[in-house]
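Trainee: To start, I am sharing the structure in question, which I have written as structure tokens.
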Amino acid sequence: MRFSTEEVRLAHELKAAGLPWQPQPGHYVWDGEPLIEHDSPFHDRVFFILDLKHFLRRSETMERLVESMVWLPTWQQCRDLLRERGVSNNAIIERLQETDAFDVRDRTPGT
């Protein structure tokens with residue numbers, strides 16, 4: 001899995017806006033402190049939570065882990081969050097069409 005600079009920036013904005021997040025296996029995170037002293041197996045301080053205990057050993061508390069990391073939700077996790085908040089599939093489709101979200105012409109890869 002690779003996250004673009006823009007996706008990481010938007011994840012920071014979601015966190016700053018107060019999006020609640022409870023770390024769990026299956027989540028990708030960005031570690032800017034760095035809390036994890038190993039190199040990322042992905043890129044640019046991006047890690048995958050496979051074993052939550054491993055991350056908790058480094059952070060010592062769940063609160064510190066949430067404070068230290070930025071959750072990078074996958075497309076499916078975003079859809080689940082929107083569904084939980086009452087956003088219909090049709091509303092998502094309309095927004096994607098309005099913004100040409102899938103029009104990749106004239107876009108620089110990795111930005």
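Trainee: State yes or no: is D44 in a loop (DSSP other than H, G, I, E, B), over 17 Å from H12 (Cα atoms), modelled with pLDDT under 95 and not aromatic (F, W, Y)?
Mentor: The answer is no for D44.
Trainee: Filter segment 55-93 down to the residues that are open to solvent by less than 40 Å² (accessible area, probe 1.4 Å), of a type in the set (A, V, I, L, M), at pLDDT 95 or above and out of contact with any helix residue (DSSP H, G or I) (no Cβ under 6 Å at 6 or more places or on another chain) and list them by number.
Mentor: Matches in segment 55-93: M69 only.
Trainee: Now for a different question. Go through segment 15-32 and count every residue that is among the charged types (D, E, K, R) and either part of a loop (DSSP other than H, G, I, E, B) or open to solvent by less than 50 Å² (accessible area, probe 1.4 Å) (or both).
Mentor: From segment 15-32, those among the charged types (D, E, K, R) are 15, 31; that's our starting set.
Going one step further and asking which of them are either part of a loop (DSSP other than H, G, I, E, B) or open to solvent by less than 50 Å² (accessible area, probe 1.4 Å) (or both), we end up with 31.
Total meeting the criteria: 1.
Trainee: Just one of L10, L35, L96 is of a type outside the set (D, E, K, R), outside any helix (DSSP H, G or I) and surrounded by 10 or more Cβ atoms within 10 Å (Cβ to Cβ); which is it?
Mentor: Result: L35 is the single residue among L10, L35, L96 that is of a type outside the set (D, E, K, R), outside any helix (DSSP H, G or I) and surrounded by 10 or more Cβ atoms within 10 Å (Cβ to Cβ).
The values are calculated or read from the model by the stated rules, or taken from the named source; none is laboratory data. It should be emphasised that the depicted structure is a prediction, and the values quoted were computed from it without experimental measurement. So basically every Cβ, Gly included, is an ideal-geometry build from the backbone, and we count neighbours across all protein chains shown. Side chains included, ligands, DNA and RNA excluded: accessible areas come from the protein's heavy atoms. Shrake-Rupley method; radii C 1.70, N 1.55, O 1.52, S 1.80 Å.
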